[in-house]
Amino acid sequence: MTTALLLARKDLVQRLRDRSFLILGIIAPFFVAYILSLVAGPVYDYGFSADYAISDETGSVGEGLAEGLVDSGFGAEVVGSEDAARALVDDGEASAAILIPAPSPVGDPPPIVVYGDLDDGTAVVVAESIAESIANQSDAVRVLITETGNPASVGAYLGQEPPVGWVQGDAGDKVLDGITYLSVGMAIFFLYFTVQASIINIVEERMNGTLQRLLMAPVGRGSILFGKTLSSSLTGLLSMVVLVVATTLVLGAAWGPVWGVALLSLAAVVNAMGLGALIGTYARNAEQASQFAGIVATVLAFIGGVFVPISTEPGLFDTLTRISPHRWLLDGFGANSGTGTVVDVLIPTLVVAGIGVLLGLLAFGRRSKLTGVV
Amino acid sequence: MEAVLRCEGLVKRFDDRAAVDGVGFEIAAGETYGLLGPNGAGKTTTISMVCGLLKRDEGTVIVAGEPIDTSSVEERRAIGYVPQEIALYPDLTARENLRFFARLYGLSDRMDERVDEVLDVVGLTDRADDKAEEYSGGMQRRLNIGIGMLHEPDLLILDEPTVGVDPQSRNAILDSVAALGSLGMAVLYTTHYMEEAERLCDRIGIIDEGRIVAEGDRRELIGLIGEADTVTLQITGADGCAERVAAIEGVESAQLEGEELIIIAHNAGSLLSEILVVVRDAGATVKGVNVDEPDLEAVFLHLTGKALRD
Ligand SMILES: Nc1ncnc2c1ncn2[C@@H]1O[C@H](COP(=O)(O)OP(=O)(O)O)[C@@H](O)[C@H]1O
Ligand SMILES: [Mg+2]
């Protein structure tokens, strides 16, 4: 145990002296989230020029929503019908239409539809958030979000089961507002880099010979491994803590309850560690390991929807995104930030951590490739 | 005297090719043993098996009375290892490097004292708080050695510690290694520089293609080639004098190579005047004389038919 702590401490001292860690682990994700928030951000702050057309068949929600939007600095107008609202979007006079249907007396509540132009993605994202927040408030309403300029495809969704997409689901579930989404996405994305870099440090130690020195010391292999694991986790958690605090204070991101953030972060760390270790066993040297890790982390982030929210359509494509731990983590953080249940947080946690452990075991089986000890 | 290191019949095969093929030797406390051989002879592979860093195919290793293999833990404390490649944390200072390894070896109570001692021995006290990456190659080599001797092992193993080092650092390294033996450590020193083996080692094993081809102290090894000296004469107008010199009793051979007459002879010193007379009588002019006693280079050449360094 003391050996593990000693090793972890040494690693952390090295990490903190390493400018690339500070950049990759703390400055870059914060910076990227900040930049993105400048693009998407005014929406949430003030002076955003997007105009929204609202149609309201309930007769009660629409006016209040419009007032709220206007108070927040948006343009908003309640129009007489869904068609009229769509027409405003088609004519380019509104950025998106929020179509609130009348509650149906039987069966599933009908969906709220967002109708917007993909070219005005930011405004659509905002509208989605708004739609979801309405849905959250009235638990009876389901959310359907479409981002399309094609009215026909919007029509095709009406009356169907709501697709399970990246931000929607049953009312009250898995909601991330835009800023938080960006912050969470960037934090996860870069977490993989820092944790993997930290675990790949074993390859580095093998290459520069210090691993042999560690192995020559009268300490068990287990405690060396544990020390490396410990320092990787601490590195990852450290950057996560900094990012959560910074994005909350500066960008106003809403991460939700601390326990959920902690659990999901730990799961992400375990996953990134297992992945990093496995990648390390396939790399000839540290540079190659970092390259592999960088590619894998980027691809997973992309598939998982960190950069561009992918697919609101159910089916194969949606299932495919679940290959990526990032997708699970985004869902988990979404549930934690919104009004998701404990289970909605726990399931992604377990899935992501479980896969991480599995990858770690695979890596352990190939450990001679990592340590070079034959 | 009880040997600190005893290894026997070490064999390591890589893809059916034996890199080390039946190597064995012993080193006593206070003794410096040199493993002298060219690149690829199997020095590092031998050392790795002695350290338990590499699984051996055959043989035994006993250090300080305990068998060593790849699963040894506590037994490794008896060994200090200085790898051939510099193995340091470049972003830590020399002192931090030493303190880290001192803690790893559980030296906490007298750590600072010991770290200062080692810094002094390897001559890095002045630069102790600079990062290792800012050091010259020679300084890094010295720190590399310092880490290996930090925990005062019974057996210190140095794998070609002077490769790529400037002459001044090299001298400093050789001096500190020489001091180690006198402290009572058993030292295993590998090199492909015969001057280093001659200067440092009490006993030398000459290794080639995975086997120890000869072993002994310098005198014994040179005795293997019959203690012949080499006399080199720089001469002009020497046609035919090589045969005449070769005919002198006590001269083994004489060969003319350009303007150099190379003579192998036993006890060349006492034959020198006779040689010079014969050469003058043959009508040659002598411009220079050089007498070389045989060295390990010649021994290696004699035993293996190749030069130590290529
Ligand atoms: N891991 C390895 N795999 C295959 N061959 C190796 C390996 N390590 C060493 N060898 C071979 O074993 C021989 C001895 O190498 P080594 O012990 O490094 O020699 P030295 O240290 O005397 O220069 C060389 O031919 C080398 O190519
Ligand atoms: Mg070698």
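The values are calculated or read from the model by the stated rules, or taken from the named source; none is laboratory data. Please read these numbers as outputs of a predicted model, since none were measured by experiment. Backbone-built Cβ (ideal geometry, glycine too); neighbour counts: all protein chains shown.
Taking the condition of a type in the set (Gly, Ala, Ser) and at pLDDT below 85, does B:Gly240 pass?
Details: of a type in the set (Gly, Ala, Ser): yes; at pLDDT below 85: yes.
It is true that B:Gly240 is of a type in the set (Gly, Ala, Ser) and at pLDDT below 85.
Can you tell me which residue is nearest to the other protein chains (Cβ to nearest Cβ) among those in the stretch B:59-85 that are free of Cβ contacts under 8 Å to residues at least 24 places away in the same chain and either in contact with a Phe, Trp or Tyr (Cβ under 9 Å, 6 or more places away or on another chain) or among the hydroxyl-bearing types (Ser, Thr, Tyr) (or both)?
Restricting to residues being free of Cβ contacts under 8 Å to residues at least 24 places away in the same chain and either in contact with a Phe, Trp or Tyr (Cβ under 9 Å, 6 or more places away or on another chain) or among the hydroxyl-bearing types (Ser, Thr, Tyr) (or both), the top hit is B:Thr70.
Does B:Ser48 satisfy being surrounded by fewer than 20 Cβ atoms within 10 Å (Cβ to Cβ) and at negative phi?
Values: surrounded by fewer than 20 Cβ atoms within 10 Å (Cβ to Cβ): no; at negative phi: yes.
Taking the combined requirement at face value, the residue does not satisfy it.
Check the stretch B:2-23 and report whether any residue there is within 14 Å of chain A (Cβ to nearest Cβ) and more than 11 Å from ligand 1 (Cβ to nearest atom).
First pass over the stretch B:2-23, keeping only residues within 14 Å of chain A (Cβ to nearest Cβ): B:12-15, B:19-20.
Applying the additional criterion that residues be more than 11 Å from ligand 1 (Cβ to nearest atom) yields none.
No, there is no match, as no residue in the stretch B:2-23 is within 14 Å of chain A (Cβ to nearest Cβ) and more than 11 Å from ligand 1 (Cβ to nearest atom).
How many of the residues making up the stretch B:236-256 are farther than 23 Å from B:Ile222 by Cβ and not β-branched (Val, Ile, Thr)?
Final tally of qualifying residues: 10.
Identify, please: which residue in the stretch A:200-221 is crowded, with 23+ Cβ neighbours inside 10 Å and more than 22 Å from B:Arg103 (Cα to Cα) and is, among those, nearest to the chain's Cα centre (by Cα)?
The selected residue is A:Ile200.
Condition check ((1) more than 14 Å from chain B (Cβ to nearest Cβ); (2) part of a helix (DSSP H, G or I); (3) within 19 Å of A:Val195 (Cα to Cα); (4) modelled with pLDDT of 70 or more) across all residues:
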{"site": "A:Ala8", "(1), (2), (3), (4)": "no, yes, yes, yes"}
{"site": "A:Arg15", "(1), (2), (3), (4)": "no, yes, yes, yes"}
{"site": "A:Ile23", "(1), (2), (3), (4)": "yes, yes, yes, yes"}
{"site": "A:Tyr34", "(1), (2), (3), (4)": "yes, yes, no, yes"}
{"site": "A:Gly41", "(1), (2), (3), (4)": "yes, yes, no, no"}
{"site": "A:Gly59", "(1), (2), (3), (4)": "yes, no, no, yes"}
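Among the candidates A:Val306, A:Val258, A:Val250, single out the residue that is under 20 Å from A:His326 (Cβ atoms), of a type in the set (A, V, I, L, M, F, W, C) and more than 14 Å from chain B (Cβ to nearest Cβ). Before you say what the answer is, go through the steps one by one.
On the way: A:Val258 fails: under 20 Å from A:His326 (Cβ atoms); A:Val250 fails: under 20 Å from A:His326 (Cβ atoms).
Result: A:Val306 is the single residue among A:Val306, A:Val258, A:Val250 that is under 20 Å from A:His326 (Cβ atoms), of a type in the set (A, V, I, L, M, F, W, C) and more than 14 Å from chain B (Cβ to nearest Cβ).
For every residue, the table says whether it meets (1) surrounded by fewer than 24 Cβ atoms within 10 Å (Cβ to Cβ); (2) touching a residue at least 12 places away in the same chain (Cβ under 8 Å); (3) part of a helix (DSSP H, G or I); (4) in contact with a helix residue (DSSP H, G or I) (Cβ under 7 Å, 6 or more places away or on another chain).
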{"position": "A:Leu264", "(1), (2), (3), (4)": "no, yes, yes, yes"}
{"position": "A:Asn271", "(1), (2), (3), (4)": "no, yes, yes, yes"}
{"position": "A:Val296", "(1), (2), (3), (4)": "yes, yes, yes, yes"}
{"position": "A:Leu300", "(1), (2), (3), (4)": "yes, yes, yes, yes"}
{"position": "A:Thr319", "(1), (2), (3), (4)": "yes, no, yes, no"}
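Could you tell me which residue of the stretch A:77-95 is surrounded by the most Cβ atoms within 10 Å (Cβ to Cβ), considering only residues that are modelled with pLDDT under 80 and in contact with a helix residue (DSSP H, G or I) (Cβ under 8 Å, 6 or more places away or on another chain)? Give the derivation first.
So the first thing to find is which residues in the stretch A:77-95 are modelled with pLDDT under 80, and the list is A:89-95.
Now drop any that are not in contact with a helix residue (DSSP H, G or I) (Cβ under 8 Å, 6 or more places away or on another chain), which leaves A:90, A:94-95.
Numbers: A:Asp90: 15, A:Ala94: 28, A:Ser95: 26.
It comes out as A:Ala94.
Every residue in the stretch A:186-212 that is of a type outside the set (A, V, I, L, M, F, W, C) and either out of contact with any Phe, Trp or Tyr (no Cβ under 7 Å at 6 or more places or on another chain) or not assigned by TED's automatic domain parsing to the domain that holds A:Thr298 (or both), please. Before the answer, list the steps.
We begin by selecting, within the stretch A:186-212, every residue of a type outside the set (A, V, I, L, M, F, W, C); these are A:192, A:194, A:196, A:198, A:201, A:204-206, A:208-210, A:212.
Scanning the stretch A:186-212 gives A:Tyr192, A:Gln196, A:Ser198, A:Asn201, A:Glu204, A:Glu205, A:Arg206, A:Asn208, A:Gly209, A:Gln212.
Would you mind stating whether B:Thr70 is surrounded by fewer than 17 Cβ atoms within 10 Å (Cβ to Cβ), at pLDDT 95 or above, more than 16 Å from ligand 2 (Cβ to nearest atom) and of a type outside the set (Gly, Ala, Ser)?
Details: surrounded by fewer than 17 Cβ atoms within 10 Å (Cβ to Cβ): yes; at pLDDT 95 or above: no; more than 16 Å from ligand 2 (Cβ to nearest atom): yes; of a type outside the set (Gly, Ala, Ser): yes.
Considered against the rule, which asks whether it is surrounded by fewer than 17 Cβ atoms within 10 Å (Cβ to Cβ), at pLDDT 95 or above, more than 16 Å from ligand 2 (Cβ to nearest atom) and of a type outside the set (Gly, Ala, Ser), B:Thr70 comes out as no.
Just give me the residues in the stretch B:34-61 being near ligand 1 (Cβ under 7 Å from one of its atoms) and in contact with a Gly (Cβ under 9 Å, 6 or more places away or on another chain), in sequence order.
Scanning the stretch B:34-61 gives B:Gly37, B:Ala41, B:Gly42, B:Lys43, B:Thr45, B:Thr46.
Which of the residues spanning the stretch A:192-229 are part of a helix (DSSP H, G or I) and over 24 Å from A:Asn285 (Cβ atoms)? Write out each step before concluding.
Quick first cut of the stretch A:192-229, residues part of a helix (DSSP H, G or I) only: A:192-207, A:210-216, A:221-229.
The answer is A:Gly222, A:Ser223, A:Phe226.
Only one of (1) out of contact with any Cys (no Cβ under 9 Å at 6 or more places or on another chain); (2) within 16 Å of ligand 1 (Cβ to nearest atom); (3) not small (Gly, Ala, Ser) is not met by B:Leu98, so which one is it?
B:Leu98 satisfies every listed condition except (2).
Restricting the search to the stretch B:1-29, which residues are among the β-branched types (Val, Ile, Thr) and either more than 16 Å from ligand 2 (Cβ to nearest atom) or surrounded by fewer than 14 Cβ atoms within 10 Å (Cβ to Cβ) (or both)?
B:Val4, B:Val11, B:Ile27
Take the residues in the stretch B:30-58 that are within 10 Å of ligand 2 (Cβ to nearest atom) and among the β-branched types (Val, Ile, Thr); name whichever of them is farthest from the other protein chains (Cβ to nearest Cβ).
Here the answer is B:Thr46.
Closer than 30 Å to B:Ser71 by Cα, of a type outside the set (A, V, I, L, M, F, W, C), in the same structural domain as A:Thr247 (by TED's automatic domain parsing) and exposed (fewer than 14 other Cβ atoms within 10 Å of the Cβ) - does that describe any residue in the stretch A:347-365?
Yes: the stretch A:347-365 contains one or more residues that are closer than 30 Å to B:Ser71 by Cα, of a type outside the set (A, V, I, L, M, F, W, C), in the same structural domain as A:Thr247 (by TED's automatic domain parsing) and exposed (fewer than 14 other Cβ atoms within 10 Å of the Cβ).
If you check B:Gly288 against the conditions, is it more than 16 Å from ligand 1 (Cβ to nearest atom), more than 14 Å from the chain's Cα centre (by Cα), at pLDDT below 80 and more than 14 Å from every other protein chain (Cβ to nearest Cβ)? Please lay out each step first, then the result.
Working: more than 16 Å from ligand 1 (Cβ to nearest atom): yes; more than 14 Å from the chain's Cα centre (by Cα): yes; at pLDDT below 80: no; more than 14 Å from every other protein chain (Cβ to nearest Cβ): yes.
Here the answer is no, as B:Gly288 does not meet what is asked.
Restricting the stretch B:91-101 to residues that are in contact with a Phe, Trp or Tyr (Cβ under 9 Å, 6 or more places away or on another chain) and more than 8 Å from chain A (Cβ to nearest Cβ), which is nearest to B:Ile47 (Cα to Cα)? Even if it seems obvious, please write down each step before you answer.
Residues of the stretch B:91-101 in contact with a Phe, Trp or Tyr (Cβ under 9 Å, 6 or more places away or on another chain): B:92, B:94, B:96-97, B:100.
Adding the requirement that they be more than 8 Å from chain A (Cβ to nearest Cβ) leaves B:94, B:97.
Numbers: B:Ala94: 25, B:Asn97: 23 Å.
Among those residues, the one meeting the criterion is B:Asn97.
Pick out the one residue from B:Leu104, B:Leu88, B:Leu158 that is in contact (Cβ under 8 Å) with a residue 24 or more places away in the chain and at the interface with chain A (Cβ under 9 Å from one of its Cβ atoms).
Details: B:Leu104 fails: in contact (Cβ under 8 Å) with a residue 24 or more places away in the chain; B:Leu158 fails: at the interface with chain A (Cβ under 9 Å from one of its Cβ atoms).
Selected residue: B:Leu88, the only one of B:Leu104, B:Leu88, B:Leu158 that is in contact (Cβ under 8 Å) with a residue 24 or more places away in the chain and at the interface with chain A (Cβ under 9 Å from one of its Cβ atoms).
Could you please find all residues in the stretch B:110-136 being within 14 Å of another protein chain (Cβ to nearest Cβ) and in a helix (DSSP H, G or I)?
B:Met111, B:Ala132, B:Glu133, B:Glu134
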